[in-house]
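Below is one structure, written out as structure tokens, with a few remarks after it.
The values are calculated or read from the model by the stated rules, or taken from the named source; none is laboratory data. Please read these numbers as outputs of a predicted model, since none were measured by experiment. Virtual Cβ from ideal backbone geometry, glycine too; neighbours counted across all protein chains shown. Note: accessible area is taken over every heavy atom of the protein model, side chains too, but ligands, DNA and RNA are not part of it. Shrake-Rupley method; radii C 1.70, N 1.55, O 1.52, S 1.80 Å.
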Amino acid sequence: MTADGEGGGEKSKFRWLDAARYAVAAAVTVLIMAVIVNAVKVVLRPDSLQLSVDKGSIFTAQYPPQLIMELKLRAQNPSGRVRMYYVGVTGYLFDNTTSASASLDPGYDSVVIFKPKDMAVVQQEALDCSLGMKVVREKQMDPSHFDVLYNGSSFSDMTLRLDGDLITEVTSELNMTRRTTYYCEELLVGGNGDDEAFKYRQDAICKQRRATN
């Protein structure tokens with residue numbers, strides 16, 4: 001009886017040790033999986049591309065009978081891991097009477113449409129994209145806005161909406177693409193970039209809204 005009791009105690013002790021080992025192994029496995037998942041999220045969701053408008057302004061000049069509009073976009077890639085691309089971009093300029101974010105038909109609601117070049121920005125670098133376009137009265141811009149700018153006046157508190165595909169090059173074989181919209185607000189439109197009024201203007205940081213997949 002005594003021998004059987006002692007043997008049962010030893011078996012119970014071993015079973016308890018096995019259970020403890022299994023529990024520790026399970027906890028370590030969960031921890032490893034959590035680290036892996038977090039690492040994957042960091043790689044697949046790096047810091048996003050940052051856009052800004054130089055001096056928060058879009059400059060204009062008269063080129064009879066057309067109007068020239070110029071702006072400079074700066075794209076900054078803060079990630080040290082991945083290259084980023086912003087491609088297929090269309091820019092819509094809105095005045096302060098129309099909500100850029102609420103518009104379902106920006107091509108119709110906007111004052112004028114821009115077509116910036118595709119941007120490819122390497123890790124922790126910045127890229128300047130200058131855009132100049134000739135605008136024709138009535139054909140590309142309604143007369144009321146065209147006449148104000150053509151006569152040398154300006155508009156304040158305007159918003160540039162940028163719609164395009166943001167591509168993150170996770171690896172050489174895997175790219176992640178998301179439709180992404182930026183809003184560059186409180187822009188001054190009109191005037192020459194060499195004018196004193198623009199000398200101390202700050203860049204306009206564009207806010208991002210990423211479409212959900």
Karplus ³J(HN,Hα) for the stretch 163-169 (6.51 cos²θ - 1.76 cosθ + 1.60, θ = phi - 60°; Hz, whole; x = Gly/Pro) runs 10, x, 9, 9, 10, 10, 7
Using protein chains only and a probe of 1.4 angstrom, how many square angstrom of D95 are accessible, to the nearest 10? 30
Most to least accessible of T98, T181 (protein chains only, probe 1.4 Å): T98, T181
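Checking the table K55/K139; K139/K199; K72/K207; K72/K199; K115/K139; K134/K207 against a 23 Å threshold on Cα-Cα, which pairs fail? Let's see the in-between values first.
Details: K55/K139 28 Å; K139/K199 32 Å; K72/K207 16 Å; K72/K199 15 Å; K115/K139 16 Å; K134/K207 27 Å.
In this structure, K55/K139; K139/K199; K134/K207 exceed 23 Å between Cα atoms.
Would you rank M133, M141 by solvent-accessible area, highest first, keeping every protein chain in place and using a 1.4 Å probe?
Numbers: M133 35, M141 5 Å².
Largest to smallest exposure gives the sequence M133, M141.
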Where does each of K139, K115, K72 land when they are ordered by accessible area, with a 1.4 Å probe and the largest first? K139, K115, K72
Computed about the Cα centre, the charge dipole of the stretch 37-155 from +1 Lys/Arg and -1 Asp/Glu charges at the Cβ has a magnitude in debye, to the nearest 20, of 500
Using a 1.4 Å probe on heavy atoms of the protein chains only, the accessible area for E185 in Å², nearest 10, reads 80
